[in-house]
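Asks: There's a structure below that I have some questions on.
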Amino acid sequence: MSRWMVLLSGVLCSFTSYADSVWRPIATHATMLAMVLFINLVFLGGLYVLSIIKGKRHRAILESQAQEAQIDFLTQVLNRRGFERRIADKRQLQGYILIVDIDDFKRINDEYGHNSGDLILQYVATRLKETLREEDMIARFGGEEFVIYAALKNKQSAEELSRRLVTSISANSYQVPGVDEPLNVTISVGVASVLDSPNVSDVTSRKGVLSSAFKIADSNLYKAKRLGKNQSVMN
Amino acid sequence: MLNKLKLLSLSPYPQLYQLILWLWAGLSVFIIIAFVRFLSLADENNVTSIHFDELIQILTQLDVISMLALPDFWQISLSAEAGNTAMFLGGYSAISLLIFTTGLYTYHKNIEALSRRQVFMLLICAGWAHFLLAKCILLFSIPVKLTGPIAAVGALSVLYFSLLALIFDSYLCLRRKAL
């Protein structure tokens, strides 16, 4: 029995030494290859991870810049681009367009300076925003002109909103630094309804609907100005 | 690829930064050439200032600092005729360099443009990373016959990567001057 054991262990030992001599060069090459691959994996993987992190940061900055590009710097309401973008995103257009213009704004600028004019613009924008609902949109289209889109169901609500806007601005006077007496500011509002087009998803028809509403609101605004300002007009 | 590389540095001291990189790469090349030459001296039993066992210990552990401290190290000749140039050939280091440059080129072309100095620094760092990894492996008790190949991959990678960094930067430098 013990002789068999000795024989078996002898055979096993010889096999082990044979395997050792065969596998040693393979193990050497495998170790060197593993080293090379490990280093490359660490470096290139690290570079890719870094680029992903940088890309995410870059995207976040771009997104915030895109948001900022849609906001009017002075009044912190939407600008024309932002307004058009938001309108384009809307599924339903039915509602009312209100064009708001500050009365005699040129006189404020000429008499009290542009800084005072800027302050008045900020006050008016804040007051208008406070008067509107969360879902309404307000944008400064340039100069002293603001445009409001309100998704209102009927004419009465639109008239009521426009009256409320006019009153909210004229109700208080505005104190401007460097000017002794508080300034009285009024606005004129032109209102027009936006009728939902049957194919509202069509960009051309959408633009047509909006542009006709803008034209009507603009002509109503001029009517309000001609009728003595500080009022709203809606046909 | 070359003309797309950003030539402007982000560092406030671009020339100092460049000088440090060049010194680093140059020193790396010098140390590895000297190391390989020293290895051939050791192979021929020509090192007299230290006992052979200690020498083997220094070489198998890639102990560059102890090696630099040996007086025999500073006696070696770095001329091309002085030693066996075959000792400077390493297949795995070359493969590593190939993989790394391909990866870097793909990254530069498709993901983000790398600056000249970033490429330089990445090459040197990757070279020394091979050396550090080899040193880490040699710290473990591995079979004696494995120490040579591992040390070779570590040392020759530093040489190849640093040389490529120097060649690449010199080429870009000359190219910019020509423009």
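Asks: Hey, could you check segment B:82-113 for residues that are in contact (Cβ under 8 Å) with a residue 60 or more places away in the chain, in a helix (DSSP H, G or I) and of a type in the set (Gly, Ala, Ser) and say which is farthest from the other protein chains (Cβ to nearest Cβ)?
Replies: Once the filter is applied, the top-ranked residue is B:94.
Asks: Can you find, within segment B:141-156, the residue that is surrounded by the fewest Cβ atoms within 10 Å (Cβ to Cβ) among those that are farther than 14 Å from residue B:36 by Cα and facing another protein chain (nearest Cβ under 7 Å)?
Replies: Among them, the one singled out is B:145.
Asks: Right, something else. If only one of B:98, B:89, B:132, B:138 is buried (at least 17 other Cβ atoms within 10 Å of the Cβ) and of a type in the set (A, V, I, L, M), which one is it?
Replies: B:138
Asks: Hey, another quick one. Go through segment A:51-67 residue by residue and tally those that are at the interface with chain B (Cβ under 9 Å from one of its Cβ atoms) and either of a type in the set (D, E, K, R) or surrounded by 13 or more Cβ atoms within 10 Å (Cβ to Cβ) (or both).
Replies: Going through segment A:51-67 one residue at a time, the tally reaches 2.
Each value in this text was obtained by applying a stated rule to the coordinates, not by laboratory testing. It should be emphasised that the depicted structure is a prediction, and the values quoted were computed from it without experimental measurement. A quick note on method: Cβ atoms are made from the backbone with ideal geometry, for glycine too, and the neighbour counts reach across all protein chains shown.
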